[in-house]
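One structure is given below, encoded as C-alpha cells.
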Amino acid sequence: MEQPRRITDSFPRQRRAGRAPGRNKVKVKGRGCPRARPRVPPPAEEPPAAPPDPALLEMLRRFDLAWEYGPCTGITRLQRWERAQALGLSPPAPVREALLEHRDNPDVTYSLWHEYAL
C-alpha cells in the first residue's frame, strides 16, 4: 500500500543560510549576548476622568432629542448648539457652558447617535 502524498513532497526543502544540515546549535542564555537592559515600565497614563454628573447627561440627552434645534447626526453637540444659535433658534445656554467645560470628554462632546453611520 502506498503512503498518501503530502503537499510538502512537491516542493524542494529550503535550508536556512549559515546552518549546516543536521547541526542544530543550542543557544545558551548569557553567553555571547550583550547584557540585557532591565525593562522600564511604560509611563503611567492619567487616570480616566470621572464620569460626568447624571443630571448633566440627562440635560444633554434632552438637547439631543429636541428636534427644534435641527439634526444632530454627523456633528458634535457644540457644533449643533452654535448652528442653532446662528439660525436664531435660542438653544439653552447651560448646554453650551457644560459642553465648553467638559470639552475633552467624549460622553459629553458627542450626541447619542455619534456611533451610528450616516
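Every read-out reported here was derived from the displayed coordinates using simple, explicitly stated rules and does not represent laboratory data. Note that the structure is predicted; figures quoted are calculated from it, not measured. Heads up, the Cβs are rebuilt from the backbone with ideal geometry, glycines too, and the neighbour counts pull from every protein chain shown.
Here's how it looks for S111: its modeled amide H is under 5 Å from those of R77, which are all 5 or more places away or on a different chain.
Can you tally the net charge around P94? Count Lys and Arg as +1, Asp and Glu as -1, for every other residue whose Cβ sits under 14 Å from the Cβ of P94. Walk me through the numbers before you get to the answer.
Details: positive: R61, R62, R77, R96; negative: D53, E58, E97, E101.
My count for the surroundings of P94 gives 0.
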